[in-house]
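Participant: My questions will all concern the structure given below.
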Amino acid sequence: MKSFTKHLWFNTKKRRDYIHITDQINDLVCQSEIQEGFCLVSAMHITASVYVNDNESGLLEDIDEWLEGLAPVNPDYKHHQTGEDNGDAHLKRMILGHQVMLPITEGELDLGPWEAVFYAEFDGRRKKRVVVKIIGE
Amino acid sequence: MKSFTKHLWFNTKKRRDYIHITDQINDLVCQSEIQEGFCLVSAMHITASVYVNDNESGLLEDIDEWLEGLAPVNPDYKHHQTGEDNGDAHLKRMILGHQVMLPITEGELDLGPWEAVFYAEFDGRRKKRVVVKIIGE
Amino acid sequence: MKSFTKHLWFNTKKRRDYIHITDQINDLVCQSEIQEGFCLVSAMHITASVYVNDNESGLLEDIDEWLEGLAPVNPDYKHHQTGEDNGDAHLKRMILGHQVMLPITEGELDLGPWEAVFYAEFDGRRKKRVVVKIIGE
């Protein structure tokens, strides 16, 4: 059994942003030289998501508008009594999920033709990490 | 370490459908002959889900109605400017999630008595794949 | 490859409750003596969640209120024709998800500074299980 661990850093200019990271993950899978295994991609900050969906700009706008409808920016979250202002970000990240597990088969990500991996930021403009851990052989 | 990979195909008659697949996954776990490990079941198309919940027909109707409330069919999604009409399906699939990881203990799925694995289709009537990958020993 | 499996039991006094379990998971990771691997934490009952977010009491109240808005207690769920009264719990658990996969690096959970693992109960006051399975070496 082999393991391979890297941390990716993100620092978005906008408070909310959606970054396509499939190519970065592919590069790490190559570096790992693991042929059969699992690749975990997981946000280490609790106001961000990692998810799989279409890499299509209209859909990214739809997702952002939809999340704002389901978990709106709102000054009244009890979490804000701590001095924070990102209650919506903690909730939005639950809808999309914070991690995905990608199968590796014959040395490559075993993804469908339209599966694209995204880092979704809901409280950006500061450095945040994603862990990529691959286990296999 | 052993690995085992199969792809399941689905082609639903209805646009939205919920298919109980625990028995199919169990069969693959037996075929794999893996005693201790993890079994990933992941939709390879981005308008479908794989999730775990109760195998009860009333609940399946509740889930469908609930998802339609949270992410309705709507002609106004920006994604539809590409010619697609399945914006709701891309969003519904985010609520239920697109994958589950099932533990295998002593050669069997280590599930609770009511845990049932489902493939949920939100834009059916065409062939779609699910990857089942098992890693263990 | 090594594997390690334990089941945690919960029996909450309240119907809905949110229990911080990071320390319990850490203890199991230590017991497993696995240095590099994956730790699956998965609810075995279908009206409960396991998720990662902030361990902050205001946010826990926000999450509970938000889930009640998205998937309210309601006598009209079709699932209730079976005699059950927990339709909302089956839906709430889909929002937060029922499992997380935690990376283990150099013998410890590889989590961000604010990542906290929670067991969320939506139909409590009875015994329920969570499986913790670690695979690695």
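Participant: With +1 on the Cβ of every Lys and Arg and -1 on the Cβ of every Asp and Glu, and nothing else charged, how large is the dipole of chain B about its Cα centre, in debye rounded to the nearest 20? List each step's numbers first, then the result.
Facilitator: On the way: 15 positive and 23 negative charges, 180 e Å.
Taking the Cα centre of chain B as origin, the dipole is about 860 debye.
Participant: Between copies, how far apart are the C:GLU108 label points? List them in nm, one decimal, shortest first, with each point 7 Å from Cα toward Cβ, please?
Facilitator: Its label point is 3.9, 3.9 nm from the equivalent points in the other copies.
Participant: What are the principal axis extents of the Cα atoms in chain A, in Å, biggest first?
Facilitator: Principal axes ranked by extent give 50, 31, 22 Å for the Cα atoms.
Participant: Rounded to the nearest 10 degrees, what's the angle between the helix A:87-96 long axis and the longest principal axis of chain A, both from Cα atoms, 0 to 90?
Facilitator: The answer is roughly 40 degrees.
Participant: Another question, if that's okay. Got the C:PRO75 label distances to the other copies yet, label 7 Å along Cα→Cβ, in nm, shortest first?
Facilitator: Ordered by increasing distance: 4.0, 4.0 nm.
Participant: Now for a separate question. Mind telling me which of B:ASN55, B:ASN74, B:ASN86 comes out most flexible in a GNM of chain B, alpha-carbon contacts under 10 Å?
Facilitator: B:ASN74
Participant: I need the GluC sites (Glu not before Pro) found in region B:60-125, filtered to DSSP loop residues with at most 12 other beta carbons within 10 Å of theirs.
Facilitator: On the way: sites: B:GLU61, B:GLU65, B:GLU68, B:GLU84, B:GLU106, B:GLU108, B:GLU115, B:GLU121; in loops: B:GLU84, B:GLU106, B:GLU115.
Here the sparse-neighbourhood loop sites are B:GLU106.
Participant: Using only alpha carbon pairs under 8 Å that are at least six residues apart, calculate the relative contact order of region B:1-96 and give it in whole percent.
Facilitator: Relative CO of region B:1-96 lands at 27 percent.
Participant: Using the 2.2 N^0.38 Å rule of thumb for compact globular proteins, work out how region B:79-131 stacks up: its C-alpha Rg over that value, please.
Facilitator: So the Cα radius of gyration is 1.55 times the expected 2.2 N^0.38 Å.
Participant: Can I ask one more? What is the helix-to-structure angle for C:22-32, meaning the angle in degrees between its Cα long axis and the longest Cα principal axis of chain C, kept from 0 to 90 and rounded to the nearest 10?
Facilitator: Helix C:22-32 sits at roughly 40 degrees to that axis.
Participant: Which of A:PRO103, A:HIS90, A:PHE38 sits farthest toward the positive end of the charge dipole of region A:15-137, with +1 on the Cβ of Lys and Arg and -1 on the Cβ of Asp and Glu?
Facilitator: Final value for the positive-end residue is A:HIS90.
Participant: C:GLN31 to A:GLN35: FRET efficiency via 1/(1 + (r/R0)^6), r the Cβ-Cβ distance, R0 22 Å, to the nearest 0.05?
Facilitator: Numbers: r = 31 Å, r/R0 = 1.40.
Between C:GLN31 and A:GLN35 the formula returns 0.10.
Participant: Would you order B:ASP88, A:ASP110 from fewest to most other beta-carbon atoms within 10 Å of each residue's own beta-carbon? Walk me through the intermediate numbers first.
Facilitator: Values: B:ASP88 24, A:ASP110 19.
The fewest-first ordering by Cβ neighbours comes to A:ASP110, B:ASP88.
Participant: Just give me a number: lysine pairs in chain C, eight or more positions apart or cross-chain, with C-alpha atoms less than 13 Å apart.
Facilitator: Numbers: C:LYS2/C:LYS133; C:LYS6/C:LYS133; C:LYS13/C:LYS127; C:LYS13/C:LYS128; C:LYS14/C:LYS127.
Here the count comes out as 5.
Participant: 7 Å along Cα→Cβ for the label point: how many nanometres lie between A:ASP27 and each equivalent label in the other copies, listed shortest first?
Facilitator: Nearest first, the other copies' label points are 4.3, 4.3 nm away.
Participant: Nearest-to-axis residue of chain A, judged by Cβ, for the A-to-C rotation, with distance in whole Å?
Facilitator: Nearest Cβ to that rotation axis, in whole Å: A:MET1, 3.
Participant: Right, something else. Run the dipole for region C:8-63 about the Cα centre, Lys and Arg Cβ at +1, Asp and Glu Cβ at -1, nothing else charged, and hand back the magnitude in debye, nearest 20.
Facilitator: Numbers: 4 positive and 9 negative charges, 92 e Å.
Result for region C:8-63 is approximately 440 debye, rounded to the nearest 20.
Participant: So, counting K/R as plus one and D/E as minus one, what does the shell of residues with Cβ under 12 Å around C:GLU56 add up to? Present the calculation step by step, with values, prior to reporting the outcome.
Facilitator: Values: positive: A:LYS78; negative: A:GLU84, C:ASP54, C:GLU61, C:ASP62.
For residues surrounding C:GLU56, the net value is -3.
Participant: Taking N as the number of residues in the protein assembly as shown, what value does Rg over Cα atoms divided by 2.2 N^0.38 Å take? Write out the running numbers ahead of the final one.
Facilitator: Numbers: Rg = 19.7 Å, N = 411, 2.2 N^0.38 = 21.7 Å.
Compared with the compact-globule rule of thumb, the protein assembly as shown sits at 0.91.
Participant: On the first, second and third principal axes, largest extent first, how far apart are the outermost C-alpha atoms of region B:1-69 in Å?
Facilitator: 45, 23, 18
Participant: Could you give the angle, 0 to 90 degrees to the nearest 10, between helix A:57-70's Cα long axis and the longest principal axis of the Cα atoms of chain A?
Facilitator: 50 degrees
Participant: A further question follows. When N is the residue count of region A:39-102, what does its C-alpha Rg come to as a fraction of 2.2 N^0.38 Å?
Facilitator: Numbers: Rg = 13.1 Å, N = 64, 2.2 N^0.38 = 10.7 Å.
Compactness ratio reported: 1.23.
Participant: Follow-up question, since we're still on this one. Is there a quick way to get the dipole size of the protein assembly as shown? I mean about its Cα centre, with the Cβ of Lys and Arg at +1 and of Asp and Glu at -1; what is the value in debye to the nearest 20? Let's see the in-between values first.
Facilitator: Numbers: 45 positive and 69 negative charges, 31 e Å.
Charge dipole of the protein assembly as shown: 160 debye, to the nearest 20.
Participant: Further question: A:LEU8: net charge of surrounding residues, Cβ under 10 Å, Lys/Arg +1, Asp/Glu -1, itself excluded? Intermediate values should be presented prior to the final figure.
Facilitator: On the way: positive: A:LYS6, A:LYS128, A:ARG129; negative: none.
Result for the neighbourhood of A:LEU8: +3.
Throughout, read-outs are computed from the coordinates displayed, never taken from laboratory work. This structure is a prediction, so every number in the text was calculated from the model and none was measured. Because the Cβ atoms are built from the backbone with ideal geometry, glycine has one as well, and the counts that use them run over all protein chains shown.
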